[in-house]
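Notes follow once the structure below has been shown.
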Amino acid sequence: MNALEVIDLTLRAGSFTVQDISLTVAEGEYFVLMGMTGCGKSLLLKAVCGLAQIARGRVRLRGRDITGLEARFRNIGYVPQDGGLFPHLDVLRNITFPLTVAGMKPVAARSAVEGIVASLGLEELLVRSVAYLSGGERQKVALARALARKPELLVLDEPVCALDEPTRRDTCRELRRVQEEFAVATVHVCHSRDEAALVSDRVGVMCEGRLLDTGTLQELATGSNHEAVQRLLNWN
């Protein structure tokens, strides 16, 4: 079974259109969606998560049609570009927020996320204000919060773009390790070939609102017939 199926999807934001997108992400796969700024990749992710209105097409999560569902009912863990942490909550309450807002008691919520906290090495940070976290720590907290609800799909929108190069590489390796540990299908948006090489099983390349090609990074770098794909993968 595929974790995610996007079928002939079209959506609009002002005068910009993401058009006729079809793709699949297998169970346990780490799929990277690449493209230059403004190509529509983040807009596509928002549609998958229920945060942007679809004009035409379908979205299925593990065989279940979720096209018309509100975002809160989709069981997708979404990490926006800036992490989206709540500045008035400490690290623990940020991580457990999806559970407590669903009605779980704080003690039970803390117990439920112990494995995630330990896996990401966040035990010493739980009472810290998120205002005092480094960039890499903020992304770990955002990832932990997304994993807290045991999502069927993890969606990462440029999760390391604001980090310096050493931290970016370390965080990418951590993302891949955690993704494998929790066996969650993942869609990761970026525009860097080096970043994709650190995490991806398979890659899709978008340009001007269209998905041009999919395959392994090596397949696309050496075999794609699309000039835009070659330009992105060989100039980066």
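Pick out the one residue from Leu198, Leu163, Leu212 that is without any contact (Cβ under 8 Å) to a residue 60 or more places away in the chain, in a strand (DSSP E or B) and in contact with a helix residue (DSSP H, G or I) (Cβ under 9 Å, 6 or more places away or on another chain).
Just a single option satisfies the conditions, and that option is Leu212.
Provide a single number: the residues in segment 70-97 that are under 25 Å from Ala131 (Cα atoms) and not in a loop (DSSP other than H, G, I, E, B).
Number satisfying all stated conditions: 11.
When you scan segment 162-170, do you find a residue that is surrounded by fewer than 22 Cβ atoms within 10 Å (Cβ to Cβ), within 19 Å of the chain's Cα centre (by Cα), under 19 Å from Val141 (Cα atoms) and polar (S, T, N, Q), even just one?
Yes, that holds for at least one residue.
Give Thr37, Thr67, Thr17 a once-over and let me know the one that is part of a strand (DSSP E or B), of a type outside the set (Phe, Trp, Tyr) and either more than 24 Å from Ala142 (Cα to Cα) or over 15 Å from the mean Cα position of the chain (by Cα) (or both).
Thr17
Inspect segment 51-60 for any residue being in a loop (DSSP other than H, G, I, E, B) and closer than 18 Å to Ala146 by Cβ and give the result as yes or no.
Yes - at least one qualifying residue is present in segment 51-60.
Please enumerate the residues belonging to segment 179-195 that are part of a helix (DSSP H, G or I) and either within 13 Å of the chain's Cα centre (by Cα) or among the small types (Gly, Ala, Ser) (or both).
Gln179
Quick one: how many residues across segment 1-33 are touching a residue at least 60 places away in the same chain (Cβ under 8 Å) and of a type in the set (S, T, N, Q)?
4
Given the condition surrounded by fewer than 15 Cβ atoms within 10 Å (Cβ to Cβ), within 19 Å of Ala228 (Cα to Cα) and touching a strand residue (DSSP E or B) at 6+ places or on another chain (Cβ under 8 Å), answer yes or no: does some residue in segment 19-28 qualify?
Yes, segment 19-28 contains a residue that is surrounded by fewer than 15 Cβ atoms within 10 Å (Cβ to Cβ), within 19 Å of Ala228 (Cα to Cα) and touching a strand residue (DSSP E or B) at 6+ places or on another chain (Cβ under 8 Å).
Among helices (runs of 4 or more DSSP H) lying entirely in segment 98-160, which contain 1 or more residues that are of a type outside the set (Val, Ile, Thr), at pLDDT 95 or above and buried (at least 22 other Cβ atoms within 10 Å of the Cβ)?
Ranges flagged: 135-148.
Would you mention how many residues in segment 199-228 are surrounded by fewer than 19 Cβ atoms within 10 Å (Cβ to Cβ) and either in contact with a Cys (Cβ under 8 Å, 6 or more places away or on another chain) or of a type in the set (Lys, Arg) (or both)?
So the count comes out to 4.
I need a count of the residues in segment 57-74 that are more than 15 Å from Leu23 (Cα to Cα) and of a type in the set (Lys, Arg).
Qualifying residue count, segment 57-74: 3.
Going by the conditions given, is Val187 within 22 Å of Ala3 (Cα to Cα) and crowded, with 17+ Cβ neighbours inside 10 Å?
Against the criterion (within 22 Å of Ala3 (Cα to Cα) and crowded, with 17+ Cβ neighbours inside 10 Å), Val187 qualifies.
Within segment 40-54, take every residue that is under 22 Å from Ser200 (Cα atoms) and more than 12 Å from the chain's Cα centre (by Cα) and give me the one that is surrounded by the fewest Cβ atoms within 10 Å (Cβ to Cβ).
This residue is Leu43.
Just a yes or no: is a residue in segment 55-62 surrounded by fewer than 20 Cβ atoms within 10 Å (Cβ to Cβ), within 17 Å of the chain's Cα centre (by Cα) and of a type in the set (Gly, Ala, Ser)?
The answer is no, given that none of the residues of segment 55-62 is surrounded by fewer than 20 Cβ atoms within 10 Å (Cβ to Cβ), within 17 Å of the chain's Cα centre (by Cα) and of a type in the set (Gly, Ala, Ser).
For segment 71-97, name all the residues that are acidic (Asp, Glu) and either surrounded by 15 or more Cβ atoms within 10 Å (Cβ to Cβ) or modelled with pLDDT of 95 or more (or both).
Asp90
The values are calculated or read from the model by the stated rules, or taken from the named source; none is laboratory data. Because the structure is a prediction, the values reported are computed rather than measured. Positions of Cβ are backbone-derived with ideal geometry, glycine not excepted, and every protein chain shown enters the neighbour counts.
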